[in-house]
Amino acid sequence: MTDTSLALRHVQRHNQISIRLHYLREGAWHRLYAQHWNERGFCFFHTQPLPAGTLGFKRSLQPFEGELVWTHASQDETQVTEMLLNEAIHRHADRMSSQPAMQQRLMRLMRVQGMADAKRQVLTALGGVADLAMVQQDLRLRMQEVLFQSGVRVDSAVWSAVVADALALGSVVQDLERWSGRLGPG
């Protein structure tokens, strides 16, 4: 490990929100949520092994490249549960095109990590009891699969702009948490 890579490991990482991106694999775009991110890169979870090296990413229609620098297998039930809850919330948000304010609130909730109980409460309030049952069923299935976590190093103006936007949104989330004690009903 070089002095530069050691120094990069100590740059502050953020995780107050996840950043929704896509990565290019075998000619198709796949969704991911960047976690533990900073201006130099991020981590993400995926279900298929990826080769080390350069990988294409995009945020909205803005493409950029990153270097996949490490990967390891992970079986964290808490993270898998939250990922499944986010998918269920996303399905509800997609159906709320006539309620753009609610749709945006749901999308912001999906990006906040560590709030599985609040996300369950929101799904219940939205009538998503079937979604909650499906989350439990999918959790059992997904825990039998290998989940990979990878780290990406990025040097891109597009990624820098994404990080700046996420930091601005993240500060709003932190303010809300500070003011209310946490997002969602207690």
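The values are calculated or read from the model by the stated rules, or taken from the named source; none is laboratory data. Everything numeric in this text was worked out from a predicted model, so none of it was measured. Cβ coordinates were reconstructed from backbone atoms using ideal geometry, including for glycine residues, and neighbour counts include every protein chain displayed.
Does Met83 count as surrounded by fewer than 18 Cβ atoms within 10 Å (Cβ to Cβ), within 24 Å of Cys43 (Cα to Cα) and within 18 Å of the chain's Cα centre (by Cα)? Give the derivation first.
Working: surrounded by fewer than 18 Cβ atoms within 10 Å (Cβ to Cβ): no; within 24 Å of Cys43 (Cα to Cα): yes; within 18 Å of the chain's Cα centre (by Cα): yes.
Criteria not met by Met83.
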Checked Arg153, Arg105 against criteria (modelled with pLDDT of 85 or more and in the same structural domain as Arg31 (by TED's automatic domain parsing)); the one match is Arg153
Residues of the stretch 58-73 satisfying the condition of being hydroxyl-bearing (Ser, Thr, Tyr) and either surrounded by 14 or more Cβ atoms within 10 Å (Cβ to Cβ) or outside the structural domain of Arg40 (by TED's automatic domain parsing) (or both):
Thr71
Determine whether the stretch 40-56 contains at least one residue that is surrounded by 14 or more Cβ atoms within 10 Å (Cβ to Cβ) and touching a His at 6+ places or on another chain (Cβ under 6 Å).
yes
Residues to consider are Arg140, Arg178; find the one that is modelled with pLDDT of 80 or more, surrounded by fewer than 14 Cβ atoms within 10 Å (Cβ to Cβ) and of a type in the set (D, E, K, R).
Arg140
Does Val152 meet the test of being buried (at least 16 other Cβ atoms within 10 Å of the Cβ) and in contact with an Asp or Glu (Cβ under 7 Å, 6 or more places away or on another chain)?
yes
Scan (1) surrounded by 13 or more Cβ atoms within 10 Å (Cβ to Cβ); (2) within 20 Å of Phe45 (Cα to Cα); (3) touching a residue at least 40 places away in the same chain (Cβ under 8 Å) for the single condition Leu132 breaks and write down its number.
(2)
